[in-house]
1. So, taking all protein chains as they sit and a 1.4 Å probe, how much accessible area belongs to residue 87, in Å² rounded to tens?
2. Hey, if we sort 115, 143 by accessible area with the 1.4 Å probe, largest down, what's the order?
3. Skip the ligands, DNA and RNA, and give the accessible area per residue of segment 18-164 with a 1.4 Å probe, whole Å².
4. Using a 1.4 angstrom probe with every protein chain in place, what is the largest-first accessible-area order of 108, 142?
5. Would you mind telling me which residue in 35, 133, 46 has the biggest mean-square fluctuation in a Gaussian network model of the chain, where springs connect alpha carbons within a distance under 10 angstrom?
6. From the protein chains alone at 1.4 Å, what is the descending order of accessible area for 95, 136, 158, largest first?
7. Run through the DSSP bridge list for the chain and note the antiparallel percent, rounded to the nearest 5.
8. Which one of 75, 26, 61 has the biggest mean-square fluctuation once the chain is modelled by GNM with Cα springs under 10 Å?
Amino acid sequence: MTQVDQAAQAERAAGPGVGETAPDFELPDQHGAPVRLSEARGHLVVLVFFPHAFTPTCTGELCTIRDEGPAFGREDVLTLGVSCDPSPALGAFARAEGIDYPLLSDFWPHGEVAKRYGVFFEPRGFATRGTFVLDREGVVRWKVVNGPGDPRSTEDYRRALAAL
């Protein structure tokens, strides 16, 4: 196993587990407005960490969420995308792709939230593909962490939300 593979494996093993309260945070969205996770209590939350705006796999995943998010079948679901990109880049990306859910910038301190969730890919300085489904009290009820090049399926999100 290479050093990069070992680092990725260690990062995927960390972070909050199912049944644990998700770490609270406040990050600016694509408009620069602060968003605090704890203020989403009362909603189901799909917290989606992604490496970079404007990259093919990330664009595909986030646009699929844009298109299929209503198919999650619940009005009380809040989707939050999180990247280490700066807010202005996320704003340009959201406008270019018609994304209307919040994209949060974990730019500074760089990757602090991604590190707390165990999805910061230290060798490259970005968040890998981690998704956390939180219940109305902010408890992790489902999670998946994929490598940077491994896309996720929104069908998995739907099943996790249906179980709640």
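The values are calculated or read from the model by the stated rules, or taken from the named source; none is laboratory data. Bear in mind the structure is a predicted one, so any value in this text is a computation, not a measurement. Counting neighbours? That spans all protein chains shown, and the Cβs are built from the backbone with ideal geometry, glycine included. Areas reflect the complete protein model, heavy atoms only, side chains present, ligands, DNA and RNA absent. Shrake-Rupley method; radii C 1.70, N 1.55, O 1.52, S 1.80 Å.
1. Here the residue's solvent-accessible area equals roughly 20 Å².
2. Largest to smallest exposure gives the sequence 115, 143.
3. So segment 18-164 comes to 44 Å² accessible per residue, rounded to a whole number.
4. My answer, sorted largest first, is 108, 142.
5. 35
6. 95, 136, 158
7. Roughly 65 percent of the beta bridges in the chain run antiparallel, per DSSP.
8. The residue with the greatest mean-square fluctuation here is 75.
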